Each structure stands twice: as structure tokens, then as C-alpha cells.
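Enquirer: Quick one: the structure is below, questions incoming.
The values are calculated or read from the model by the stated rules, or taken from the named source; none is laboratory data. Just so you know, these numbers come straight off a predicted model, no measurement behind them. Methodologically, a virtual Cβ is constructed for each residue, glycine included, from the backbone with ideal geometry; neighbour enumeration extends over all protein chains shown.
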Amino acid sequence: MPTHGAMVNVICVAGLRALCRCREIRRRKRSRDAPANDCALTPTDAPPNIAPLLGPLISAVDIASLYAPIDADMRAVDAVVRTRLHSEVVLVRQVAEYIISAGGKRMRPALLLLSAGACGYSGTRHHELAAVVEFIHTATLLHDDVVDESSLRRGRDTANAVFGNPASVLVGDFLYSRAFQIMVGVGSMRVMQVLADATNIIAEGEVLQLMNCRNADIGVDAYLQVIRYKTAKLFEAAGRLGAILGNVSPEIEEAMAAYGTHIGTAFQLIDDVLDYSGQEAETGKHLGDDLAEGKPTLPLIHVIQHGSPQQAALVRSAIENASGDSFAGVLAAVRASGALDAARQHGVEEAEMAKAALAPLPDSKFRQTLLQLADFAVQRSF
């Protein structure tokens with residue numbers, strides 16, 4: 001097994017690699033000649049109401065009640081985050097505080113806390129590991145926004161838009177290394193192995209996604225591989241770490257890992273749906289960002305595979321040219337082909353598999369909240 005120092009070095013290199021990759025993304029985007037407002041929706045292009053598929057969508061207000069059983073734990077995690085964000089370097093503090101203070105759903109640390117509770121853990125190490133998971137996630141956001149040239153996240157300017165790309169990448173590296181510092185304090189090689197493996201898989205997922213950009217021939221299986229690597233792996237790690245802290249049987253540990261994989265997959269599927277159906281004020285992101293980056297997500301794959309020849313040709317061209325100038329036409333094709341319902345239904349199925357994975361766990365308020373969290377992953381509007 002690699003030494004701790006070797007693992008930290010490997011993880012930090014991911015940020016520098018992201019900075020190099022972003023240059024090609026910038027070159028491609030500069031080649032576009034579409035006016036910025038071509039992607040704007042007219043009143044008749046308002047996102048469709050697809051809530052009847054699942055019932056009422058869950059808003060940001062409802063997440064506080066969902067986390068009620070772990071409210072004290074979440075506040076303890078916030079305290080760890082604030083303390084461990086400290087750096088003698090002013091710019092590190094500014095950038096890290098900027099993105100952490102933007103909020104977010106905090107699903108990954110919540111999952112770890114709930115997993116630990118459901119597995120009978122009664123110590124405080126889960127607060128530190130939940131902070132580790134949040135730091136790793138935040139680092140990936142900083143790097144992603146540089147690679148994707150995103151300008152809006154969680155309803156405000158991205159860190160790279162405010163502080164620049166170099167600062168965002170390097171502070172992302174700081175968060176990775178700080179996460180490993182906290183992890184070492186837990187004193188478990190098993191925990192370190194899970195998190196080191198997870199960060200490595202996440203980096204591979206980022207590269208896979210980059211390779212798939214502008215490739216309209218990507219199928220469902222290849223797409224799912226990307227999101228299981230890029231998104232679901234950290235959810236899986238969060239579920240598994242809670243079980244490891246609880247010192248449960250291998251069966252229960254695998255059940256919590258499976259829960260994490262399925263809820264993480266469902267979460268990303270709904271993110272992809274919201275990219276074509278959400279309200280920007282709620283999602284905190286620009287609609288159509290995935291299309292403008294040439295990302296073949298499940299709604300677009302559905303149109304290519306099941307839409308009319310004209311719809312498929314339009315979507316294929318939009319992906320291959322990584323251009324947002326045809327967003328209105330692509331959005332119409334996505335709606336007309338039933339792609340949003342199909343993608344959302346896939347997410348529902350993943351959420352149901354997540355809930356089924358909890359069968360071996362004894363009943364508790366934590367298990368009940370995990371069931372509700374799976375519903376939240378697919379019923380949310382942000």
C-alpha cells in the first residue's frame with residue numbers, strides 16, 4: 001500500500017493536471033461564435049413540469065427538516081470545517097471560505113453521519129471524516145469549474161470567476177492535502193485506503209468525462225461509468241466509512257457502500273435532468289451548461305437513440321460542436337422525445353435500489369432518514 005506522503009502527492013497532482021486540461025477547454029470555447037444570449041429561454045421555452053412523475057419537488061427549505069436527526073452532528077462538522085480551513089496564507093483562507101460559505105446540499109457528509117448512526121457508532125470521529133468528505137468534494141468543485149470554465153455555482157460567481165483559475169486550482173490542492181491531514185488523525189489505515197481509492201477513481205472519472213466530450217456515440221453504459229466514477233464514488237465512500245466506524249459486519253458495510261453508489265448515481269442523473277428542466281434561481285447553475293461543453297448526458301443520449309432522425313441529428317451536431325447556440329432546439333427535442341421522463345425514471349430506479357440496499361440494517365431514525373434521503377435525491381428541484 002502507498003505511504004501517506006505518496007498518496008498526498010498523487011492527489012495534489014490532480015489539481016495541476018486539471019489546470020493543464022482547462023487550456024484545451026478554453027481554446028475550444030474561444031472558437032465558438034454563438035452570441036451569449038442565444039441560450040436564453042423565452043417565456044414559451046420555460047422548463048417543463050415533470051414533477052407528476054414523482055410527486056411534489058423538494059425545495060431547499062425541506063432539507064433542514066430532513067437533516068433534523070443529525071442537526072447537532074452537522075453543526076459539529078461545520079465547526080471542524082471552519083477550524084481546519086485555517087491557513088497562514090490569506091488567499092487560501094479567502095478562496096476556501098468563499099466556496100464553503102456558499103452552502104450546498106451537504107449530502108455527502110450527511111450520508112456519512114447517517115451511515116455511522118445507522119451502524120451504531122457513538123464517537124466523534126465521524127465529524128472529522130464528514131469534514132474530509134466535504135473538503136474532497138469542494139476540491140473537485142474548484143477544479144471542475146476551472147476545467148469547465150463555469151461562471152455560476154450555488155447561485156453566485158464561481159471561485160475561479162472571482163479569484164482566477166490558478167488560485168482556484170491551487171486552493172483545491174490545499175483542500176485535498178488538508179483532507180488527508182485530517183484523515184491521518186483518525187489513525188485508521190482502512191479509512192485512508194477507502195478515501196485514497198475514492199479520490200483516485202474520481203480523478204479517473206474526470207478524465208473519462210473529458211475524453212467523452214464532443215463524442216455523440218457515447219452509450220448509456222459508458223455514460224453511467226463516468227458518473228459512477230466521478231460522482232457516485234464519493235457517496236459510496238461516505239456510506240462505507242460510516243459502516244467502518246460502526247465496526248459492523250462485512251455484509252452491512254457492503255450494503256452501505258451499495259446505498260452510496262446508487263444514491264450518488266441517482267443524484268447525478270437528476271442533476272442532468274435539471275440542466276434541461278430546472279429553474280436557474282433554484283439550481284444555482286446556468287441551464288444548458290452541459291450542452292455548451294459537449295457533454296453527452298443521459299437526456300441527450302436518449303434523444304439520439306430514441307428520437308426522430310431530425311431530433312437525433314440536431315443533438316448529435318450540438319454535442320460534436322460543443323455549442324450552445326442550438327440550445328432552444330435541443331431543449332425542444334429533449335422534451336418531445338420523452339428524454340427527461342426517461343432519465344428521471346432511471347434516477348428513480350437507482351434511488352429504489354439504494355433503499356433496497358438498506359434491508360439488512362436494523363430500524364432506527366438514521367435508517368429512516370437514509371430512506372428519505374434517497375427520495376430527496378430524485379425529488380429535489382435544486
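Enquirer: Consider ILE202 carefully, then state whether it is assigned to a loop (DSSP other than H, G, I, E, B), at pLDDT 95 or above and touching a helix residue (DSSP H, G or I) at 6+ places or on another chain (Cβ under 6 Å). Spell out how you get there, then give the answer.
Expert: Details: assigned to a loop (DSSP other than H, G, I, E, B): no; at pLDDT 95 or above: yes; touching a helix residue (DSSP H, G or I) at 6+ places or on another chain (Cβ under 6 Å): yes.
Here the answer is no, as ILE202 does not meet what is asked.
Enquirer: Follow-up. So LEU291 passes all but one of these: (1) of a type in the set (A, V, I, L, M, F, W, C); (2) surrounded by 23 or more Cβ atoms within 10 Å (Cβ to Cβ); (3) over 16 Å from the mean Cα position of the chain (by Cα); (4) over 20 Å from SER150 (Cα atoms). Which condition number does it fail?
Expert: For LEU291, the failing item is (4).
Enquirer: Tell me, which residue of segment 199-209 that is crowded, with 19+ Cβ neighbours inside 10 Å and touching a residue at least 40 places away in the same chain (Cβ under 8 Å) is farthest from ALA237 (Cα to Cα)?
Expert: My answer is GLN209.
Enquirer: Pairs under 7 Å by beta carbon, first residue farther than 23 Å from ASN160 by Cα in segment 100-125, partner outside any helix (DSSP H, G or I) and not polar (S, T, N, Q), six or more apart or different chains?
Expert: Listed by first residue and then by second, the contacts come to ALA110/TYR67; ALA116/GLY246; ALA118/LEU361; CYS119/GLY246; CYS119/VAL248; GLY120/GLY246; TYR121/GLY246.
Enquirer: Out of ALA167, ALA216, ALA196, I need the residue that is in a loop (DSSP other than H, G, I, E, B), in contact (Cβ under 8 Å) with a residue 60 or more places away in the chain, hydrophobic (A, V, I, L, M, F, W, C) and surrounded by fewer than 23 Cβ atoms within 10 Å (Cβ to Cβ). Which one?
Expert: Numbers: ALA167 fails: in a loop (DSSP other than H, G, I, E, B); ALA196 fails: in a loop (DSSP other than H, G, I, E, B).
Testing whether each residue is in a loop (DSSP other than H, G, I, E, B), in contact (Cβ under 8 Å) with a residue 60 or more places away in the chain, hydrophobic (A, V, I, L, M, F, W, C) and surrounded by fewer than 23 Cβ atoms within 10 Å (Cβ to Cβ) leaves just ALA216.
Enquirer: Which of (1) more than 21 Å from ARG125 (Cβ to Cβ); (2) in contact (Cβ under 8 Å) with a residue 24 or more places away in the chain is the odd one out, the single condition VAL226 does not satisfy?
Expert: All conditions pass for VAL226, except number (2).
Enquirer: Would you please list the contacts, defined by Cβ atoms under 8 Å and residues six or more apart or on different chains, that run from a residue in segment 341-359 that is more than 17 Å from GLY307 (Cα to Cα) and touching a residue at least 60 places away in the same chain (Cβ under 8 Å) to a residue that is in a helix (DSSP H, G or I) and basic (Lys, Arg)?
Expert: These pairs meet every condition: LEU358/ARG367.
Enquirer: When you go through THR297, THR265 one by one, which is the residue that is under 22 Å from MET211 (Cα atoms), touching a Gly at 6+ places or on another chain (Cβ under 9 Å), modelled with pLDDT of 95 or more and among the polar types (S, T, N, Q)?
Expert: Values: THR297 fails: touching a Gly at 6+ places or on another chain (Cβ under 9 Å).
After ruling out the rest, the residue left standing is THR265.
Enquirer: Among the helices (runs of 4 or more DSSP H) confined wholly to segment 234-339, which include 3 or more residues that are within 30 Å of THR124 (Cα to Cα) and of a type in the set (A, V, I, L, M)? Even if it seems obvious, please write down each step before you answer.
Expert: Numbers: elements: 250-277, 280-283, 289-292, 298-306, 309-321, 327-336.
Filter on segment 234-339 gives 250-277.
Enquirer: Among the residues of segment 73-106, write down those that are within 22 Å of the chain's Cα centre (by Cα) and not in a helix (DSSP H, G or I).
Expert: Across segment 73-106, the qualifying residues are LEU85, SER101, ALA102, GLY103, GLY104, LYS105, ARG106.
Enquirer: Any idea how many residues of segment 184-215 are closer than 30 Å to SER317 by Cα, within 17 Å of the chain's Cα centre (by Cα) and among the aliphatic types (A, V, I, L, M)?
Expert: The number of residues fulfilling the criteria is 5.
Enquirer: Condition test on PHE366, is it more than 19 Å from ARG214 (Cβ to Cβ) and crowded, with 19+ Cβ neighbours inside 10 Å? Lay out the reasoning, then the answer.
Expert: Numbers: more than 19 Å from ARG214 (Cβ to Cβ): yes; crowded, with 19+ Cβ neighbours inside 10 Å: yes.
Taking the combined requirement at face value, the residue satisfies it.
Enquirer: Which of the residues spanning segment 226-253 are touching a helix residue (DSSP H, G or I) at 6+ places or on another chain (Cβ under 7 Å) and of a type in the set (A, V, I, L, M)?
Expert: From segment 226-253, those touching a helix residue (DSSP H, G or I) at 6+ places or on another chain (Cβ under 7 Å) are 226-246, 252-253; that's our starting set.
Hits for segment 226-253 are VAL226, ILE227, ALA232, LEU234, ALA237, ALA238, LEU241, ALA243, ILE244, LEU245, ILE252.
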